Amino acid sequence: MEAVWRIESARIVGGLARYTGDFALAEDLAQEALAEALVTWPREGVPHNPAGWLLTVGRRRAIDTFRRRSARDERYAVLARDLDDGEAATGAPPSGDRADRDLLWDPDRIDDDILALTFTACHPVLSREARVALTLRVIGGLTSDEIAHAFLQPTATVQARITRAKKTLAAAQVPFEVPPADERRERIGSVLNVVYVIFTEGSTASSGDDLIRVDVASEALRQSRVLSRLLPDEPEVHGLLALLELTAARFPARIGPDGEPVLLEQQDRRRWDASAIRRGRAALAHAAGLGRGLGAYGLQASIAEVHAVAPSVADTDWSRVVLLYDALAELTPSPVVELNRAVAVSMERGPAAALPLVDALADDARLAGSHLLPSVRGELLRRMGRTDDARAELERAVALCGNARERAVLEGKLADLGA
């Protein structure tokens, strides 16, 4: 049941939102269907089509809701007609062409339910924080605890933000749809940001026992591909697609046989996905070919491309990586960009040249609760032979790291220092 929900929840919520026209109601109906499955499936067995079962039960709950509201209007009539008498909530999935539309994604459809969910969750009436939290919750399938950890916030704050966001969408009567062409560009920046955040959580999970959540990252990559067809003339759309493809290409080599992380310098580059690299480089070339310059995603994709074509860490063009980070820092200043630039500087000029850059970030409150700063500083100090200082930084990084696999890597480095 957990697997079905992780894979299909966004499609189920999207399908119910399309039928009811109510974003918040759709999620409630999906949760009610899941609760009914928790009772029914252990007793009667898992249905042949679990997602269809949940969607059918959700529709029937929608009808019950409209009945209770005494809303016997056209919307209720349409919902009622869509259900065959034989689609009992005891197991039979939707049948015929209707099931195909509900459960199979047609790559030629731009009114994809999950994409519509994304645009709805990224409506301008919501704050940026609310857009990200709502999309991660409904589309990415993350729990409130996972979202809170990713953004270093209390779970109660995230839950309240999501609740307010759904109420705001309902009060503003935001339609469930992919917006018309003239409105898409106004909202595309927010949509791209949300897709990027979802992919980031999938590519390096903020918590839990798995380093990579392939299901979450794959959904973000799928949405990025849809967006590239929806907006073929937007450079940043293709820049984001390039970044995601080139990053995902390294997934097969980033995890060892027992699920342990494999650092870049130790990865077998023969395991990198050559097809994904070709797709990523083609998307980056398309973004550059539009003649409007590369944005933040395009620059990050360019950095990923440098790594993708290098035969080894030692043979990487680190001077170009530093220059690209310089441009990225000018365009979108952030402590994480500066930290990554410092790592590139350490590879080009040595750890002593990078340490002052890292030390300059020590008082940045945005990194206060993150393990990234002490882990980078600890590695630089280790390479400089300052063992005691490196140990203190790595211990602090271990205490702050929420992902069990990343924490194990840091603990391994600590053990090596002891040895």
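Taking region 349-406, which GluC sites (Glu not before Pro) meet the DSSP loop condition and have no more than 11 other C-beta atoms within 10 Å?
Sites meeting the loop and neighbour criteria: none at all.
Neighbours of residue 250, meaning other residues whose beta-carbon lies under 10 angstrom from its beta-carbon, give a summed charge of +2 when Lys and Arg score +1 and Asp and Glu score -1. Taking the longest Cα principal axis of the chain as reference, the axis of helix 318-331 is set at about 50 degrees.
For residue 317 and residue 163, what does the FRET efficiency come to when R0 = 45 Å and r is the distance between their Cβ atoms, rounded to the nearest 0.05?
Details: r = 48 Å, r/R0 = 1.07.
Calculated transfer efficiency: 0.40.
Within the chain, which is the longest segment containing none of the trypsin sites (Lys or Arg not before Pro) that sit in a DSSP loop and have at most 13 other Cβ atoms within 10 Å? Don't skip to the answer; put the middle values down first.
On the way: sites that count: 69, 72, 109, 292.
In short, 110-291.
Specify the residue with the greatest mean-square fluctuation among 46, 57, 174, computed from a Gaussian network of the chain linking alpha-carbon atoms under 10 Å apart. Maximum fluctuation in the GNM of the chain, among the listed residues, is at 46. A simple spin-label model places pseudo-atoms 7 Å from Cα toward Cβ; at residue 233 and residue 372 they are separated by 3.5 nm. Extension gain for the segment residue 187 to residue 41, taken as residue separation times 0.36 nm less the Cα-Cα distance, is 48.5 nm to one decimal. Between helix 214-230 and the chain there is an angle of about 80 degrees, using the helix long axis and the longest principal axis of the Cα atoms. What do you get for the angle between helix 296-309 and the principal long axis of the chain? Use alpha-carbon atoms, 0 to 90 degrees, nearest ten. Tilt relative to the chain: about 60 degrees. Going from the fewest other Cβ atoms within 10 Å to the most, the residues 123, 238 appear in the order 123, 238. Each residue in 144, 218 was given a count of other beta-carbon atoms within 10 angstrom of its own, and listing them fewest first yields 218, 144.
I need the calculated FRET efficiency for the pair residue 349 and residue 270, taking r as the beta carbon distance and R₀ as 35 Å, to the nearest 0.05.
Numbers: r = 30 Å, r/R0 = 0.84.
For residue 349 and residue 270, the calculated efficiency is 0.75.
So how do 177, 27 line up by other beta-carbon neighbours within 10 Å, fewest first?
Values: 177 14, 27 22.
By the 10 Å Cβ count, ascending: 177, 27.
What is region 111-229 by shape, rounded, prolate or oblate, if you read a ≥ b ≥ c off the alpha carbon gyration tensor as root eigenvalues and call it rounded for a/c under 1.5, prolate for a/b larger than b/c, and oblate otherwise? Verdict is oblate for region 111-229.
Over every pair of different alpha-carbon atoms in the chain, take the mean of 1/r and invert it; report that Kirkwood radius in Å. Walk me through the numbers on the way to the answer.
Working: mean 1/r = 0.0429 Å⁻¹.
By the Kirkwood definition, the hydrodynamic radius is 23.3 Å.
For the chain, the relative contact order comes to 11 percent (Cα pairs under 8 Å, sequence separation of at least 6).
No value in this document is a laboratory result; all are computed from the given coordinates. As the structure is a prediction and not an experimental result, all values here were calculated from the model. Methodologically, a virtual Cβ is constructed for each residue, glycine included, from the backbone with ideal geometry; neighbour enumeration extends over all protein chains shown.
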